[in-house]
Amino acid sequence: MATAKNKQRYDFKQIESKWQQRWQETGLYETVDLPDKDNKFYMLVMFAYPSGDIHMGHFRNYIIGDAVARRQMMMGRDVLHPFGWDAFGLPAERAAIQRNIHPDKWTKSNIEVSRSTLQKVGISFDWSREVASCDPDYYKWTQWMFIQLFKKGLAVRKKSWVNWDPVDKTVLANEQVKDGYAERSGAKVEKKELVGWYFKITDYADQLIDDLDKLPGWPENVKAMQREWIGRSQGLEVDFVIEETGEKLPIFTTRPDTIYGVTYMAIAPESDLIDRLNLTGDEAGAVADYRQEALARSEIDRAAATGDKDGVFTGKYAINPFNSERVPLWVADYVLAGYGTGAVMAVPAHDTRDFAFARKYGLPIKVVIHPDQGTVLDASQMDDAYTDYGVMVNSEHFNGLAGLEAIGAVNSFAEEKGIGRVVTNYRLKDWSISRQRYWGCPIPIIHCEKCGPVAVPDTDLPVLLPKVENYMPKGRSPLADVPEYMDVTCPECGNPAQRDPDTMDTFVCSSWYFLRYIDPHNDHEPFDKKKAAAWMPIDLYVGGITHATGHLIYFRFFTKFLRDIGWLDIDEPATRLFNHGMVMDAQGEVMSKSKGNVVSPIAVMGERGIDIARLAMYFTAPSDKEVAWSDEGIVGVEKFVMNRLYPMVESYRESFPDLKQHFTLAELSGADRDIYVKLNQTIKKVSESCERLQFNTAIAALMELTRDYEPDKISNDQLNDAVILKTIQLVAPLAPHLAEELWERAGLDGSVFRSGWPEYDPEAIVGDLIEIAVQVNGKLRDSINVPADADQAQVEETALASERIQAHTEAKQIIKKIYVPGRLLNIVVKG
RNA sequence: GCGAAAGUGGCGGAAUUGGUAGACGCGCUGGAUUUAGGAUCCAGUUCCGUGAGGAGUGGGGGUUCGAAUCCCCCCUUUCGCACCA
């Protein structure tokens with residue numbers, strides 16, 4: 001009944017609550033306000049949406065951060081490890097509506113439940129710094145941020161084509177739309193022209209791309225995604241001229257070398273340029289019909305029709321400024337209003353889309369690029385465009401130029417003649433932040449007929465979100481129907497004026513929360529500059545990959561902006577980013593509420609204890625890979641805890657060794673020497689594994705150590721006890737309650753988390769005898785044991801004495817021997 | 001279509017810089033102990049072969065004394081972007 005006895009003794013419930021209580025009483029995780037800049041560690045996990053209780057995905061995220069925070073604490077650093085709630089926003093509001101509970105009440109009760117879960121899980125958050133973005137003390141400063149942007153001309157109000165979510169009845173940012181569907185509601189996104197607020201993130205596009213090179217601690221895939229999302233492209237803007245009106249029609253092209261191949265031009269259906277063409281007759285009607293039809297189509301329908309392009313001729317012509325050629329002007333679906341100038345020059349011979357369009361409507365195809373001097377393309381024989389670089393032909397004085405040289409020549413010519421200029425375009429658009437919803441941070445702007453949009457004075461902040469009963473989405477902001485909120489006087493002229501009725505995108509709230517943690521109770525500033533200078537940047541930011549092109553761009557943007565207005569002295573908010581893998585169910589399916597396969601960490605914890613649940617999660621896979629959570633995975637670590645780790649402390653001999661002191665290897669022998677070497681190898685392995693966030697291999701190393709630990713064979717009491725205590729220290733970041741309990745049971749005072757992190761003895765990571773692999777011609781033939789300090793000659797002698805080696809070298813000529821010290825000997829033979 | 005990452009036993013996964021492939025765990029097999037075992041302990045467990053030995057990290061080539069690791073081609077999977085001119 002050994003196990004039953006152990007299980008009884010490992011009373012995890014009692015241990016967990018005891019230590020959680022003690023951590024709280026002693027304020028173990030409460031950190032200093034102003035740390036030593038060279039000895040601090042800012043460990044950040046992403047803000048949580050309080051849309052329900054904590055699930056396995058959160059659990060995994062937070063225990064990764066927790067292990068890092070705890071180890072850093074043991075290493076003697078000032079650690080900031082805060083937590084808070086991304087409490088405004090659509091999901092919270094939608095969930096509240098479904099349950100018919102006011103979002104305020106629902107959000108707050110969710111926060112209570114989730115916080116209590118997290119506290120039961122024993123994450124080392126400093127709860128004294130907790131923030132919630134729906135709290136007026138917080139969103140006062142979100143509004144302050146808006147006003148700073150507004151004052152710098154980086155928050156602007158404009159009419160623009162927006163993504164409209166017909167289910168949630170609000171505008172969405174591009175980052176919230178995936179494949180034409182709303183990320184949150186799943187509705188097909190519509191196009192709508194609306195007035196709203198935009199943050200000019202495009203002003204920072206270059207920095208946001210270029211500074212990615214300063215982030216070696218970020219995963220390459222995230223950086224690649226951000227580069228693509230920002231989508232910088234260099235090209236030439238050429239002024240074509242509308243024949244009839246003389247109006248300039250600028251277009252953007254990345255292929256100026258194909259300018260002589262333009263055979264028509266195409267304008268986006270949304271473009272207001274069309275209104276200025278003075279269309280008449282049949283064409284006017286046809287174009288109007290076409291525009292209406294095109295606008296009715298959703299984004300995905302347009303995007304899906306990749307092969308099938310359509311359009312309509314306007315009856316008008318434009319002039320190519322390079323050769324004065326007259327080309328027809330079309331309106332075409334495949335031209336995007338939001339990119340470049342909303343119009344393109346079409347070169348069917350050298351652009352796949354233009355080629356398809358030209359073939360469909362019988363437009364001319366003119367070859368102006370040849371693959372090389374010897375190859376000639378014939379337009380009538382082509383079945384697709386030739387889009388590679390090549391030699392310019394049929395292009396007047398540019399003939400013969402190729403590739404980048406050709407582009408350079410055309411660019412210079414255009415600039416000299418004043419018919420074009422080199423420009424950079426971005427795929428990234430300005431960030432649309434107005435939301436026609438109730439549950440969000442009010443926009444601190446007052447619209448005055450005389451003064452225009454006026455910022456609410458700092459002294460009047462926060463603009464409180466009024467408590468209303470009717471917060472249902474209806475396509476216009478619910479706040480617009482609350483006169484006591486809307487009707488105010490203009491702060492500048494005193495005339496009657498109206499508040500902006502919209503609320504902000506929640507991504508605004510989460511773009512600066514990491515700074516509020518630094519100084520969460522400051523009531524006269526968003527945060528203290530000195531404190532921020534000391535704590536920033538974030539040393540490790542752990543979260544899911546889902547935010548790669550949303551939040552993780554926005555918070556970089558905010559950091560750069562705050563730097564520019566003198567609040568921060570850093571270029572980038574986080575030096576290291578880590579994306580943990582997702583948690584799937586045992587069948588490998590994503591856990592989701594709709595599938596009903598969500599596993600709560602609480603359930604597992606109740607049966608086996610938090611620390612075993614934590615170890616199981618760490619051990620299943622390296623932190624960046626996805627895991628299929630199943631109870632079977634727990635068996636191995638449970639045995640490790642029950643049979644090896646927990647009983648280990650019973651062998652403690654109360655010698656209370658000095659843990660800072662290494663033993664002298666030469667004075668140890670036999671089992672003492674072996675376990676001392678193993679201990680130091682383990683310290684090295686666990687430290688390195690933790691550094692790389694590969695806790696699975698850290699646990700594997702600890703399993704080996706406890707397996708090899710045989711107290712009966714150890715004669716040195718101090719050594720025996722040092723092995724036990726250091727093992728407890730090594731496991732502490734991963735299994736904190738267990739470690740504290742063992743530490744106390746060994747008779748030590750204070751928290752294990754204040755006891756230091758073990759350092760390995762460099763003298764003791766190699767044993768007495770080492771195994772050398774012996775190869776003949778690169779094939780393993782034997783392995784020999786030699787003293788650790790043996791030189792090459794000694795190794796060779798031993799190797800050649802081996803019968804198995806002799807069998808392969810006999811009657812053969814030894815050409816050379818390659819010796820890798822401490823690892824292998826390769827004997828190369830011939831004949 | 002473009003871009004990125006990855007492919008290792010029955011399974012999860014090890015293997016910093018090229019240097020004994022399969023650590024650690026699950027599962028499985030055999031044994032010990034036990035009234036019993038879904039407990040514990042011991043041994044075994046990549047494949048073929050009784051053995052010596054041979055093969056082996058998605059497939060095919062290459063570089064090297066030596067390749068899971070580096071290079072080229074191909075296949076598969078995952079992720080991201082998808083009319084961006």
In the set A:177, A:131, which member is touching a strand residue (DSSP E or B) at 6+ places or on another chain (Cβ under 7 Å), β-branched (Val, Ile, Thr), over 30 Å from residue A:342 (Cβ atoms) and touching a residue at least 60 places away in the same chain (Cβ under 8 Å)? A:131
Has segment A:354-363 got at least one residue that is assigned to a helix (DSSP H, G or I), within 8 Å of RNA strand B (Cβ to nearest atom) and touching a helix residue (DSSP H, G or I) at 6+ places or on another chain (Cβ under 6 Å)? yes
Give the residues of segment A:227-241 that are open to solvent by less than 20 Å² (accessible area, probe 1.4 Å) and more than 11 Å from RNA strand B (Cβ to nearest atom), sorted by residue number. A:239, A:240
Among the helices (runs of 4 or more DSSP H) contained in segment A:446-555, which hold 3 or more residues that are of a type outside the set (Phe, Trp, Tyr)? A:483-486, A:506-509, A:529-535
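Each row is one residue, and each column tells you yes or no for (1) touching a Phe, Trp or Tyr at 6+ places or on another chain (Cβ under 6 Å); (2) of a type outside the set (D, E, K, R); (3) surrounded by fewer than 14 Cβ atoms within 10 Å (Cβ to Cβ); (4) within 19 Å of residue A:683 (Cα to Cα).
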residue: A:722; (1), (2), (3), (4): no, yes, no, yes
residue: A:757; (1), (2), (3), (4): no, yes, no, yes
residue: A:763; (1), (2), (3), (4): no, no, no, yes
residue: A:782; (1), (2), (3), (4): no, no, no, no
Where residues in segment A:428-475 are more than 20 Å from residue A:487 (Cα to Cα) and in contact with a Phe, Trp or Tyr (Cβ under 7 Å, 6 or more places away or on another chain), which of them is most open to solvent (accessible area, probe 1.4 Å)? A:430
Failed criterion for residue A:276 (all others in (1) away from RNA strand B (no atom under 16 Å from the Cβ); (2) at pLDDT below 95; (3) not in a helix (DSSP H, G or I) hold): (3)
Kindly indicate the residue of segment A:320-344 that is surrounded by fewer than 20 Cβ atoms within 10 Å (Cβ to Cβ) and assigned to a strand (DSSP E or B) and also nearest to RNA strand B (Cβ to nearest atom) among those meeting that condition. A:327
Could you identify the single residue in A:140, A:200, A:188, A:152 that is within 16 Å of RNA strand B (Cβ to nearest atom) and either at pLDDT 95 or above or touching a strand residue (DSSP E or B) at 6+ places or on another chain (Cβ under 7 Å) (or both)? A:188
Only one of A:415, A:405 is of a type in the set (D, E, K, R) and modelled with pLDDT of 95 or more; which? A:415
For segment A:242-261, enumerate the residues that are open to solvent by 50 Å² or more (accessible area, probe 1.4 Å), more than 8 Å from RNA strand B (Cβ to nearest atom) and of a type outside the set (Asp, Glu). A:245, A:248
Residue, farthest from RNA strand B (Cβ to nearest atom), within segment A:800-819, restricted to residues that are within 14 Å of residue A:829 (Cα to Cα) and open to solvent by less than 70 Å² (accessible area, probe 1.4 Å): A:800
Taking residue A:603 and the conditions (1) in a helix (DSSP H, G or I); (2) surrounded by fewer than 16 Cβ atoms within 10 Å (Cβ to Cβ); (3) within 13 Å of RNA strand B (Cβ to nearest atom), which numbered condition does it fall short on, given that it satisfies the others? (3)
Restricting attention to segment A:698-727, and to residues there that are more than 16 Å from RNA strand B (Cβ to nearest atom) and of a type in the set (D, E, K, R), which single residue is farthest from the chain's Cα centre (by Cα)? A:717
Given A:670, A:633, which one is away from RNA strand B (no atom under 11 Å from the Cβ) and open to solvent by 20 Å² or more (accessible area, probe 1.4 Å)? A:670
Show the residue pairs that are 6+ apart or on different chains and have beta-carbon atoms under 8 Å apart, the first residue being within segment A:220-235 and assigned to a helix (DSSP H, G or I), the second being open to solvent by 80 Å² or more (accessible area, probe 1.4 Å) and within 6 Å of RNA strand B (Cβ to nearest atom). A:228/A:427; A:229/A:427; A:230/A:427
The residue that is surrounded by the fewest Cβ atoms within 10 Å (Cβ to Cβ), considering only those in segment A:345-376 that are closer than 29 Å to residue A:193 by Cβ and modelled with pLDDT of 95 or more, is A:345
Working only within segment A:747-785, note down all residues that are among the aliphatic types (A, V, I, L, M) and within 11 Å of RNA strand B (Cβ to nearest atom). A:765, A:769, A:770, A:772, A:773, A:774, A:776, A:780, A:784
Test residue A:317 against the stated conditions and say whether it is over 39 Å from the mean Cα position of the chain (by Cα), part of a strand (DSSP E or B) and not assigned by TED's automatic domain parsing to the domain that holds residue A:160. yes
Would you confirm whether any residue within segment A:537-546 is open to solvent by 10 Å² or more (accessible area, probe 1.4 Å), farther than 30 Å from residue A:39 by Cβ, touching a Ser or Thr at 6+ places or on another chain (Cβ under 9 Å) and not hydroxyl-bearing (Ser, Thr, Tyr)? no
Of the numbered conditions (1) within 19 Å of residue A:339 (Cα to Cα); (2) within 16 Å of RNA strand B (Cβ to nearest atom), residue A:224 satisfies every one except a single condition; which is it? (1)
I'd like to check something: does segment A:619-628 contain any residue that is open to solvent by 70 Å² or more (accessible area, probe 1.4 Å) and more than 8 Å from RNA strand B (Cβ to nearest atom)? yes
In segment A:56-164, which helices (runs of 4 or more DSSP H) lie fully inside it and hold 3 or more residues that are of a type in the set (Gly, Ala, Ser) and in the same structural domain as residue A:517 (by TED's automatic domain parsing)? A:56-74, A:90-99, A:103-121
Kindly check whether there is at least one residue in segment A:648-667 that is more than 12 Å from RNA strand B (Cβ to nearest atom), closer than 25 Å to residue A:605 by Cα, of a type outside the set (Asp, Glu) and part of a helix (DSSP H, G or I). yes
Filtering segment A:583-640 down to residues that are in contact with a strand residue (DSSP E or B) (Cβ under 9 Å, 6 or more places away or on another chain) and among the polar types (S, T, N, Q) yields A:587, A:597, A:620, A:623
Looking at this structure, is residue A:730 in contact with a Ser or Thr (Cβ under 8 Å, 6 or more places away or on another chain), closer than 30 Å to residue A:219 by Cα and away from RNA strand B (no atom under 13 Å from the Cβ)? yes
Taking the condition of being closer than 30 Å to residue A:151 by Cβ and surrounded by fewer than 18 Cβ atoms within 10 Å (Cβ to Cβ), how many residues in segment A:178-199 meet it? 4
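The values are calculated or read from the model by the stated rules, or taken from the named source; none is laboratory data. Quick caveat, the model's predicted, so the values are computed rather than measured. Neighbour counts are summed over all protein chains in view; Cβ atoms, including those assigned to glycine, are modelled from backbone coordinates with ideal geometry. Accessible surface is based on the protein model in full, side chains and every heavy atom, while ligands, DNA and RNA are left aside. Shrake-Rupley method; radii C 1.70, N 1.55, O 1.52, S 1.80 Å.
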